[in-house]
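K.L.:
Shown below is the structure under consideration.
The values are calculated or read from the model by the stated rules, or taken from the named source; none is laboratory data. Worth saying up front: this structure is predicted, and the values here are computed from it rather than measured. Note that we place each Cβ from the backbone using ideal geometry, even for glycine, and neighbour counts take in every protein chain shown.
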Amino acid sequence: MTKKTQRAKARAERKPRLGEEHIRPDGSVIRYVREEDDDQKPVDHYRTVDTLALMLRNGSITGAMHDAGQQFSQDFARAFASGVASSRLDGLPCGTAPGEMLIERNASAARAVRDALEAVGGSGSPAGSALWYVAGLQMSIRDWALRDGWNGKRVEKNEAKGILVAALGVLARYYGYERAPRSRRETSTHV
């Protein structure tokens, strides 16, 4: 066995540290974790990092914002269940083109995604872009900010996170997970 083959074999056999993260070519983040299998035996493996769950855990977003992001993500996945999601913001299947056959569930999910994007300012808005790439395509905030950003322009990571938080806030109200705050006049008349 050559030295090169031995080194490659040693690297392949080296177990990653728990918590070690890698960015995959598609922009998603994976973390090496230890979990229990069905027989309660420890199993070490890579798990895709859920950006919205991380944000909820560290207090960046509320439960309502997380749930709204999850609903958007599920609608997005259903909208593209019969094909591959496009990285283009206008790539939603519409079901109206000649010869395009989408089942009603996919078409209704595509309408739900389109309506949600309109609620946050449209697919061309910073909020729409953040939802499309991070909640829809499951790209990390960092990768969205650096690779795609808004309107093809890079965005600073903190700015990108702020855009996503704002989008999720609007989305939470749109879906009905959060009510709009009452004005002072409304609260003072109910005292």
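K.L.:
Of the conditions (1) at pLDDT below 95; (2) of a type in the set (A, V, I, L, M); (3) out of contact with any Gly (no Cβ under 6 Å at 6 or more places or on another chain), Leu164 fails just one. Which one is it?
P.N.:
(1)
K.L.:
Residues of the range 135-152 being farther than 13 Å from Gln71 by Cα, touching a helix residue (DSSP H, G or I) at 6+ places or on another chain (Cβ under 7 Å) and either modelled with pLDDT of 95 or more or part of a helix (DSSP H, G or I) (or both), which ones?
P.N.:
Within the range 135-152, Ile141, Arg142, Trp144, Ala145, Asp148 meet the criteria.
K.L.:
Moving on. So Pro181 clears everything in (1) outside any helix (DSSP H, G or I); (2) farther than 24 Å from Leu54 by Cβ; (3) at pLDDT 65 or above; (4) assigned by TED's automatic domain parsing to the domain that holds Leu56 except one condition, right? Which one?
P.N.:
Here Pro181 clears every test but (4).
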